[in-house]
Every structure is written in C-alpha cells, then in structure tokens.
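Scroll down for the structure; my scribbles are underneath it.
Read the figures in this text as sums done on the coordinates, not as results from a lab. Model, not experiment: these values are computed from the prediction. Don't worry about glycine lacking a Cβ; one is built from the backbone with ideal geometry, like all the others, and counts go over all protein chains shown.
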Amino acid sequence: MAAVTHASRALVRAVRPGEGRAVAALWRELWEAHERWGGYAGSRDPRVYAQVASRLDDDARVRSGRVVLGRHVHLVAEIDGVACGQVEGWLDHLGAAADTPLTCEVRSLIVAPGARRSGAGRALLHGLADATRARAGAAACVLAAEVLDPNPAHSFYARVGYAPVSWSARIEALYGIRPGPTAFGVRVAGPYDALAIARLEGALAQRRREAGDARFDRPHAIDATLVEAIAAQLHDNGDGGSAPRDSTILVAADDAGGVRAAASFAVQVLEPPFLPVRRALLGRFALDVAHPPSQLLAALVSFSCRLALSRGAQFIELTDLTAPDTDLYRAAVATGARPWSRIVTRAA
C-alpha cells in the first residue's frame, strides 16, 4: 500500500526519507496545541526535534514505501507535493476471543493550518482504515481515537462517523488521598482473587458492550480455564501488600474480605517529544453492581494516589469511565477528578 487517494485535494501515502523534519514540525505543532488545552507539555528544545526528524527518516528508509511496519501505521498527507498532515496508528487485539475486532489506535492526527478544510484529515483517517482492513483480512476491525476534552477536533470526529464510547478524568495525586478509614480496603490482587475478578470482569465487559465499545471481548462464561488464566496473570502481580509493580491489578474488599471491585493501575514515562514526566493510569473499573460506585472509586483512587506519588507521578488519569450523566462518571468526579478526554470509535 504505497499511496491512497480519496475525494479531497490530498494524497495520502507512506512517509518518505527526507520528510522527517517536516513531520517533526507537525508533531511539535500538535504537542504545543495539547499543552494549550491543558495536556502534557512537549519539549521546545530544537535538538529534540532534530533527533525525532532523524529517527523518522531512518524509519522511512526501513519502510521503503510501506504504510505498515509491524503493528505501526504511519501516513502523511500531501497537497501539491508538500507534506501537510500526518497520522499514526497502532494495531492491536484488545481481547482474546476470535470475534473481537482488530483495533487501530489513532495517534497524532494533525493537519497544518493552511491545509485544513482540504479533506486531508478525513483522507488520513480513510488511509488508516484501509491499512487496518488490509491487515485484518475478513475479520472485523475498529478505529479508536482519544480526544482531549478541550480539543476542538470533537466535531470533526463526529462528522466522519466516530462516536464516544469511553471517558476519562484526571486528578492531581496529592489531592486525591482521603484521610481516615473507608468502607472498603484496597490491596494488590493475588491469585486467590481470580474467581472474584472473573465475576467482576463479566460486569465490565457487559458495561462496555452497552456503551457501544466493541474493542474488547464480550462477557466470558466463567469456567476453570478462565479462572486459571486470571490466577496465572496475578501470580506475579506484586507482593500482596502496598508495593505493586508499575503495572498491576488492585482490588477493593469489604470488611468480610469479599472483593467488590477490581481495577488496573500503571505508571508510564512519556517519551520525547513530550517532556519525560511520569503519569499514572487507573482504569478497567470492574465493580460489583450491588454497590454504589462512589465508595468503591473513592477507595481505589485514594490508594492509587499514594502509589502514584511514591513512583513520581503527579497526576492519575481515571480511564474506562462511562458517560458523564452516569453514576460511575459522577463517582470519579466526586473524588476531585476533572474531565480529561474521551475515546471515540467507528468500524473500519
């Protein structure tokens, strides 16, 4: 797949050697816009972008005109021979079931100001869809983009057929810690929690399907194979105390020891051209539907804020939330979190 054309002025194709500087300039424009919207800051050091440009040129030489390299998709849009926009995609299966679609995560979509309204953005997304379908063959596939709340691109994604399926909020870790006892105790999950987590994740899978999020597996029947697989995953989850690894599963239990919620916690370091800060993510909220989410989330968020601070992360993003008019989202906001982003998807 060397080039794709659509009903626009733009030609969409693979990046060519020598275009690294132009693409790096687009990235810089995107990161600066994100920073204006309250997102994570990008570097302003020209040496960083020179290194990015060199890496992009090396990547283009390896690709030799191919849009897809491994699981990474990279496209540029050109008008009159000049690169004016770019987009990346990351191909992944987010579930184990055979009928779970291949997901292409849309990243770094940017069109230069002078080329907007030319159809370049739409053509870039069409190019991603073409590449995803080519990789998926006869299987289903879906495109998904995370859009920051203040980003004006929400209307663009709606016009080209994307719909929101998941929301996130962000909290400053220092202010998310709740003093005193809570109704639920939070700890690192162990293999002995596998059955309880399997039951809770059924509710999570159902909630995602009801929201129209097709990226993940449908609810699984709970059997010995599923429980054993979860137990194996949890075997190296942490030490069972308060010091899990950078990526781990947490559970909230009531006074009798019954597990009433599970969530994933991770810490990531942003890479250039972002400034190298650490951010924490708390998501995959699998909650016992017999309990209101407010107390469960309060306990999970408070525990995670302590973990985040101990690992040098100033903020926690609460991901995989339901729509703003739902109990789960309101429970997240009640912890002190503020709206951050949403995931929008469409079938490829």
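Between LEU30, SER64, ALA97, the Cα set farthest toward the positive side of the dipole of segment 3-161 (charges on each charged residue's Cβ, about the Cα centre) is that of SER64.
Would you compute, from DSSP H runs of 4+ residues alone, the mean residue ellipticity of the chain at 222 nm, taking -39500 (n - 2.57) per run and dividing by the full residue count, rounded to the nearest 500? Please list the in-between numbers first.
On the way: 8 runs with 113 residues, N = 348.
That calculation yields -10500 deg cm²/dmol at 222 nm.
Both radii were evaluated on the Cα set of the chain; the Rg over Rh quotient, with Rh as the Kirkwood radius, amounts to 0.99. Treating each Cα of segment 87-178 as one equal point scatterer and applying the Debye formula with no solvent, the log10 of I(q)/I(0) at q = 0.11, 0.15 Å⁻¹ comes out as -0.41, -0.69.
By how many degrees, 0 to 90 and rounded to 10, does the Cα axis of helix 20-36 deviate from the longest principal axis of the chain? It works out to around 40 degrees.
THR225 to GLU29: extension gain in nm, 0.36 nm per residue of separation minus the Cα-Cα distance? List each step's numbers first, then the result.
Values: separation 196, 0.36 × 196 = 70.56 nm, distance 4.86 nm.
So the extension gain works out to 65.7 nm.
With a/c under 1.5 counting as rounded, go ahead and sort segment 131-240 into rounded, prolate or oblate using the C-alpha gyration tensor (a ≥ b ≥ c being the square roots of the eigenvalues; past the cut-off, prolate if a/b is larger than b/c, else oblate).
On the way: a/c = 2.51, a/b = 1.27, b/c = 1.97.
Oblate.
Please compute, over every Cα-Cα pair in segment 257-348, the percentage with a separation greater than 16 angstrom. That tail contains 58 percent of the Cα-Cα pairs.
Give the calculated FRET efficiency between ALA134 and ARG330 to the nearest 0.05, with a Förster radius of 41 Å applied to their Cβ-Cβ distance. Efficiency, rounded to the nearest 0.05: 0.45. Angle of helix 224-234 to the longest C-alpha principal axis of the chain, folded into 0 to 90 degrees and rounded to 10: 80°. Farthest towards the positive end of the charge dipole of the chain, among the residues ALA348, GLY176, HIS74, is the Cα of HIS74, using unit charges on the Cβ of Lys, Arg, Asp and Glu.
With R₀ fixed at 45 Å, the C-beta to C-beta distance from ASP236 to ARG159 puts the FRET efficiency at about 0.50.
What number do you get for segment 3-161 when its Cα radius of gyration is normalised by 2.2 N^0.38 Å, N = residues?
Details: Rg = 15.5 Å, N = 159, 2.2 N^0.38 = 15.1 Å.
Ratio of Cα Rg to 2.2 N^0.38 Å: 1.03.
Relative intensity of segment 169-341 on a log10 scale, I(q)/I(0) at q = 0.09, 0.10, 0.20 Å⁻¹, equals -0.29, -0.36, -1.46, per a Debye sum over C-alpha point scatterers of equal strength in the absence of solvent.
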